Amino acid sequence: MPECVKSYTESLHTYLEAVRSKHLDAEIIDRLIADLDAVKEYSETAKITVDFTTEQSETLVRLVVDYTRQLAAANAVELNEPQDQAPVSGDGVVVNLRHYLEVQRRIFNEAA
């Protein structure tokens with residue numbers, strides 16, 4: 001397994017645990033975004049595939065979207081998007097995931 005995939009897996013685990021325990025911070029989000037970018041870049045040259053089923057990918061993005069919405073509401077941040085829309089399918093899963101992680105990072109940075 002490539003090192004970038006191992007790092008991403010560790011970052012994702014850390015992120016999910018921090019969300020669960022309510023200890024998420026901008027540093028954890030930054031690390032996950034960086035590791036996600038590294039896997040995406042590596043996959044473009046090495047032709048690897050992250051082995052998530054469509055359902056697993058959609059569940060992960062839904063979790064991140066839902067948490068982002070909760071975080072935005074708790075911090076009085078307007079997301080400027082329909083609340084019932086959660087773009088979680090198709091080839092844009094990584095883009096959607098990264099977008100919502102960036103929103104979370106912005107909220108944490110503005111709150112600091």
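Please specify each residue of the range 17-30 satisfying the condition of being free of Cβ contacts under 8 Å to residues at least 40 places away in the same chain and buried (at least 17 other Cβ atoms within 10 Å of the Cβ).
Once the filter is applied, which keeps residues that are free of Cβ contacts under 8 Å to residues at least 40 places away in the same chain and buried (at least 17 other Cβ atoms within 10 Å of the Cβ), the range 17-30 yields only 28.
I need the full set of residues from the range 31-47 which are open to solvent by 30 Å² or more (accessible area, probe 1.4 Å), without any contact (Cβ under 8 Å) to a residue 60 or more places away in the chain and not basic (Lys, Arg), in order please. First the steps, then the outcome.
Kept after step one, since they are open to solvent by 30 Å² or more (accessible area, probe 1.4 Å), are these residues of the range 31-47: 31, 34, 37-38, 40-47.
Pick out the ones that are also without any contact (Cβ under 8 Å) to a residue 60 or more places away in the chain and you get 31, 34, 38, 40-47.
Answer for the range 31-47, where residues must be open to solvent by 30 Å² or more (accessible area, probe 1.4 Å), without any contact (Cβ under 8 Å) to a residue 60 or more places away in the chain and not basic (Lys, Arg): 34, 38, 41, 42, 43, 44, 45, 46.
Out of all the residues in the range 53-103, which are surrounded by 15 or more Cβ atoms within 10 Å (Cβ to Cβ), at pLDDT below 85 and of a type in the set (D, E, K, R)?
Matches in the range 53-103: 58 only.
The values are calculated or read from the model by the stated rules, or taken from the named source; none is laboratory data. All figures in this text were calculated on a predicted structure; none of them were measured in a lab. Cβ atoms come from the backbone with ideal geometry, glycine included; neighbour counts cover every protein chain shown. The protein model used for the area step is the full one, side chains on, heavy atoms only, and it has no ligands, DNA or RNA in it. Shrake-Rupley method; radii C 1.70, N 1.55, O 1.52, S 1.80 Å.
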